[in-house]
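All remarks here apply to the structure that follows.
The values are calculated or read from the model by the stated rules, or taken from the named source; none is laboratory data. Here the structure is a predicted model, which is why all the values come from computation and not from measurement. FYI the Cβ positions are ideal-geometry reconstructions off the backbone, even for glycines, and counts take in every protein chain you see. Heavy atoms of the whole protein, side chains included, go into the accessibility calculation; ligands, DNA and RNA do not. Shrake-Rupley method; radii C 1.70, N 1.55, O 1.52, S 1.80 Å.
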Amino acid sequence: MNEMTGGHTVKAYNEELNKINQLVIELGKRGLDQLRRAVQTLKDEDTKQAGLVIDRDRELNNIDVKADEEIIRLIAKRQPVARDLRDILTVQKVIIDLERVGDEVRKIANLTIHFYDNGKAPPSNEILHDIYEMAEFVDEMLSMSLQAYTELDLTVALNVIKLDERLYKEFRSALRRLSTFIMEDSRNVGQVVDIVLALRALERIGGHGKNIGGHVIFLVTGKDVRHEDLKMINAKVASLI
Amino acid sequence: MEELVNQNGAVTKQFDPAIDAEIDMSLVRENHGSETVGEISVDDPRVTCRNVDVFYGDKQAIFDVSLDIGKNQVISIIGPSGCGKSTFLRCLNRMNDTIDICFVTGQIIMDGQDIYDSGLDVVPLRASVGMVFQKPNPFPKSIFDNVAYGPRIHGLSDSDQHLNEIVEKSLLKAGLWEEVKDRLDQPGTGLSGGQQQRLCIARAIAVSPEVILMDEPCSALDPIATAKIEELIDELRENYTIAIVTHSMQQAARVSQRTAYFHLGKLIEVGETEQIFTAPAHKLTEDYITGRFG
């Protein structure tokens with residue numbers, strides 16, 4: 001991120017931008033770690049750990065608040081313009097996406113508590129299979145988006161955006177598969193609905209990864225691709241890679 | 001002052017023949033190579049500058065600057081110290097004439113008239129292109145006489161009553177009337193810094209200029225006085241064309257519609273202020289406004 005934070009005559013300005021940047025990277029690392037831990041609690045049927053994942057979301061919120069304060073302070077103090085202004089506003093959007101990743105992860109940890117701490121029969125591994133599959137896919141997307149941000153890598157950013165289309169297809173086919181469990185036995189409805197909500201949370205985490213990919217493209221190229229389809233994004237960005 | 005045609009066919013206004021003879025114009029031309037980014041022309045120009053070069057003796061301070069200043073527009077001229085922005089501003093009312101070793105080539109046209117035309121009288125020119133300086137410089141006279149001075153020497157009033165009207169109108173336009181109407185006979189130098197600067201603006205307005213040049217008009221003022229001057233600039237825009245040199249990026253962003261960035265005597269970029277401060281096209285402009293200029 002030297003490209004973004006460096007080069008100012010006032011060294012303290014670089015340091016302030018760097019500090020915000022480090023908070024973003026920290027928020028991203030913690031979000032990814034939380035995702036992995038939340039999915040593991042489901043696999044391990046560990047409600048205690050699930051509770052800890054939920055508690056730890058407060059730490060992400062604290063980083064979010066701290067980063068916001070730093071951004072407000074920097075804008076008031078330095079009055080950034082041009083690229084600096086674009087960068088700082090975009091970084092704020094990355095922070096919003098990462099903070100929401102934490103919120104979605106909490107839903108998955110809540111699912112563990114819901115399934116294994118209510119005295120009812122837990123769901124079969126077969127019915128949970130789609131969550132694990134999709135979690136791996138989303139883990140990959142989030143990791144790539146963080147890499148794209150840290151290294152300001154256009155290729156990786158574009159790949160995350162491409163993966164989002166596949167993620168949506170995975171989500172749709174998981175819904176189809178889950179509907180067969182309901183058709184087999186209508187008593188599965190309750191568990192399937194809970195699992196669909198968890199899949200939706202995972203799908204949103206992938207969506208936030210995609211958003212971060214778009215933000216990275218804007219940081220590097222100044223081109224806003226948030227509301228463009230993949231074909232248009234490719235046309236705008238491919239020539240710059 | 002003599003008028004010569006140099007080897008490139010451009011008319012040269014020569015201030016000092018001895019120094020002029022020492023300068024190899026062909027070498028100077030080779031040093032140009034500046035291509036301004038952005039649209040130098042505007043639809044309705046008040047001032048049109050084309051290929052303006054300025055020399056202090058054998059040292060060239062401005063290189064081939066072409067720029068339009070639009071009617072009822074504020075243009076900010078920004079750039080690091082020594083980039084030639086004040087020199088350029090001073091060309092617009094021939095204030096550089098007062099410096100012996102300074103001479104200007106190229107064209108500066110105002111209302112169809114080249115202001116460097118040898119037949120042009122600079123006194124009415126400086127009345128129609130007023131100037132406000134960095135430090136407020138009221139005359140050691142009363143507030144009234146400070147404003148009345150210009151109209152008197154230019155013969156703009158035909159009676160005392162008319163002169164009173166001009167003074168009142170000018171002070172009103174400069175946003176100072178309410179503060180000084182009851183003490184017009186008191187010395188201008190007794191006012192606060194911000195009031196003195198507004199008095200200088202009133203003095204400039206009193207001779208009905210078309211263009212007002214401001215050379216860092218707020219650099220000696222506190223934030224409140226600065227805000228008043230900026231508000232005034234915005235109001236004056238309705239009737240005047242304003243060119244302002246400023247070191248404050250935020251001031252340039254706040255008060256002007258167009259911004260020109262100078263670097264080492266060259267006009268690097270000119271454009272809508274909004275564009276310059278959000279997405280400048282030239283790297284030098286961006287480095288300067290983001291504080292990366294080394």
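In Å² (nearest 100), what accessible area is buried between B and A, both sides summed, heavy protein atoms only, 1.4 Å probe?
Details: alone 13180 and 12290 Å², together 24540 Å².
Heavy-atom accessible area buried at this interface is about 900 Å².
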Item to check | Inverse of mean 1/r across different Cα pairs in chain B, Kirkwood, Å | outcome: 19.8
Checklist outcome for this item: Compactness summary of the stretch A:3-238: radius of gyration and Dmax from Cα atoms, Å, are 19.6, 69
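Using heavy-atom solvent-accessible surface (probe 1.4 Å) with all chains present, what is the largest-first order of B:Asp114, B:Asp185, A:Asp84?
Working: B:Asp114 30, B:Asp185 120, A:Asp84 5 Å².
Most to least solvent-accessible, the answer reads B:Asp185, B:Asp114, A:Asp84.
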Next on the checklist: Before I look further, what does the stretch A:3-238 give for accessible area per residue, probe 1.4 Å, in whole square angstrom?
Outcome noted: 48
Checklist entry - Carbon and sulfur: what percent of the stretch A:64-190's accessible surface (1.4 Å probe)? => result 49
Next on the checklist: Quick check: the distance between the Cα centres of the stretch A:117-160 and the stretch A:184-241, to the nearest angstrom?
Outcome noted: 11
Item to check | Candidate residues A:His208, A:His114, A:His227: accessible-area rank, largest first, probe 1.4 Å | outcome: A:His227, A:His114, A:His208
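Rounded to the nearest 0.05, what FRET efficiency is calculated for A:Ile96 and B:Glu210 with R0 set to 56 Å and r the Cβ-Cβ distance?
Details: r = 50 Å, r/R0 = 0.90.
It comes to 0.65.
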Checklist outcome for this item: For the pair A:Asp68 and B:Val123, the simple spin-label estimate (label points 7 Å beyond Cα toward Cβ) gives in nm 6.7
Checklist outcome for this item: At R0 = 30 Å the Cβ-Cβ FRET efficiency linking A:Val10 and A:Glu151, nearest 0.05, sits at 0.70
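How do A:Tyr149, A:Tyr168 stack up against each other in accessible area, from largest to smallest, with a 1.4 angstrom probe? Each step should come with its number before you reach the end.
Numbers: A:Tyr149 5, A:Tyr168 110 Å².
So the residues, ranked largest to smallest area, are A:Tyr168, A:Tyr149.
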Checklist outcome for this item: So the carbon and sulfur contribution to the accessible area of the stretch B:103-166, 1.4 Å probe, in percent, is 49
Checklist entry - When the C-alpha atoms of the stretch B:60-114 are aligned to their principal axes, what extent does each axis show, in angstrom, from largest down? => result 32, 27, 19
Checklist outcome for this item: Test assert for the stretch B:238-259: residues whose accessible surface shrinks by at least 30 Å² between chain alone and all chains, 1.4 Å probe, equal B:Gln250
Item to check | Distance in nm between pseudo-label sites at B:Asp44 and A:Asp229 (7 Å out along the Cβ direction from Cα) | outcome: 4.4
Next on the checklist: Given points 7 Å out from each Cα along the Cα-Cβ axis, report the B:Ile224 to B:Lys169 separation in nanometres with one decimal.
Outcome noted: 3.1
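For the protein assembly as shown, just run the numbers: alpha carbon Rg, then divide by 2.2 N^0.38 Å, N being how many residues it has. Walk me through the numbers on the way to the answer.
Values: Rg = 33.0 Å, N = 535, 2.2 N^0.38 = 23.9 Å.
Relative to the 2.2 N^0.38 Å estimate, the protein assembly as shown comes out at 1.38.
What ranking, highest mean first, results for peptides B:134-145, A:32-43 when packing means the other Cβ atoms within 10 Å averaged over each residue?
Working: B:134-145: 17.5, A:32-43: 20.1.
Result, highest mean first: A:32-43, B:134-145.
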Checklist outcome for this item: By the mean-Cβ-within-10 Å protection proxy, highest first, A:182-189, A:195-202 rank as A:195-202, A:182-189
Next on the checklist: Using just the Cα positions, wrap the stretch B:197-263 in a convex hull and report its mean projected area in square nanometres, one decimal place.
Outcome noted: 4.6
Checklist entry - Separation of the stretch B:254-294 and the stretch A:1-80 by C-alpha centroid, Å? => result 33
